[in-house]
Amino acid sequence: MRILLIEDNKKVCDSLSYQLKKEGFIVESSYDGEEGLQFIYQQSHDLVLLDRILPGLDGIEILKETRSRGISIPIILITALGELDDKIMGLDTGADDYLVKPFEFQELVARIRSIHRRPQKWEEDKPLSYGDITLDEKQNLLYCESSCLLSVKESQLLQFFLKNPEKTLPRSMILSSVWGANTTVEDGNVDNYIFLLRRKLKAIKSRLSITTVYRVGYRLEDKVE
C-alpha cells in the first residue's frame, strides 16, 4: 500500500514514516499543505494521512478541495484537535477516519488496515479510459482496436498518464509517483518504459501519443484528426 503522509512537524513526520515503512508500507512525505495537495492530485497513493494544522493549506481546506474534485482516496485526519465539533467537521468534510494525537502507532496501523479492507466504490472498479483506449488495471490489459498485455510497471506508468491526460508530467514527478519518492532508478529507465508504452499504443492502433516535452518530461495527447 502506498501512503501519502502530510505532516508539518518534520520530526514527527520522519518518525512516523520510518515506522510505517517497517510495517511494509510505501510512504511518501510532505511537510506543507499546498505541496501535499499537489501529491493528492496525482492520485498515485492508496491512502492519505493528513495533519489538520499545516502551513499553506490546512487539513480541512485540503479535504474540501480533494472531495470537490471527485477524488475519493481514503483520508485519515491525524490531529491534536480532539473536541467533538472538530471530529464532526473533519468527518463531514470528507475524512474517512479521525485520529487524535497522541495516539498509539498500532492503533493507526489497525485503522489503515481497516480502511484498506473496505470494499472499493464501484466507480473505482471501472477501467481507466481516455481517447480511444481502455486500461483494465487488475489484469493489466490495454484495449483499442485490439488488445495487449502490459507489464506491471508499464500498467502503473500508463495509469499515471491516464489520470493526468493532456498534462506535461516532469520526469521527477513520474519517478516519484510510479517508482516511489526514494527510488534509485535513473531517468533513463523512464525513457525506456515510455518507449515500450509507445510501441504498445502503436500495436493496438491507438491514436493517442506520448509526446516528449524537451528538458521537462512527457505528455499523453489525443491526436484527434
So, of the residues in region 14-73 that are among the acidic types (D, E) and assigned to a loop (DSSP other than H, G, I, E, B), which turns out to be nearest to I115 (Cα to Cα)? D46
Exclusive hit being under 21 Å from Q19 (Cβ atoms), touching a Phe, Trp or Tyr at 6+ places or on another chain (Cβ under 6 Å) and buried (at least 19 other Cβ atoms within 10 Å of the Cβ), set L54, L49, L108, L77: L77
Restricting attention to helices (runs of 4 or more DSSP H) lying wholly within region 96-210, give those where 1 or more residues are touching a helix residue (DSSP H, G or I) at 6+ places or on another chain (Cβ under 6 Å) and at pLDDT 90 or above. 105-117, 152-162, 187-203
Against the condition free of Cβ contacts under 8 Å to residues at least 12 places away in the same chain and of a type in the set (D, E), how does E186 come out, does it pass? yes
Please find, within region 74-87, the residue that is farthest from the chain's Cα centre (by Cα) out of those that are of a type outside the set (S, T, N, Q) and assigned to a strand (DSSP E or B). I78
Which of (1) under 12 Å from the mean Cα position of the chain (by Cα); (2) surrounded by fewer than 21 Cβ atoms within 10 Å (Cβ to Cβ) does G36 not meet, given it meets every other one? (2)
Whether any residue in region 182-192 is over 30 Å from S30 (Cα atoms) and not aliphatic (A, V, I, L, M) is what I want to check. no
Read through the list (1) buried (at least 16 other Cβ atoms within 10 Å of the Cβ); (2) in contact (Cβ under 8 Å) with a residue 24 or more places away in the chain, then give the number of the only condition that E137 fails. (2)
So, M89, is that one modelled with pLDDT under 90, among the aliphatic types (A, V, I, L, M) and within 25 Å of L158 (Cβ to Cβ) or not? no
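The values are calculated or read from the model by the stated rules, or taken from the named source; none is laboratory data. The model shown is predicted, which means the values in this text are computed figures rather than measured ones. As a convention, Cβ positions derive from the backbone with ideal geometry for all residues, glycine included, and neighbour counts pool all protein chains shown.
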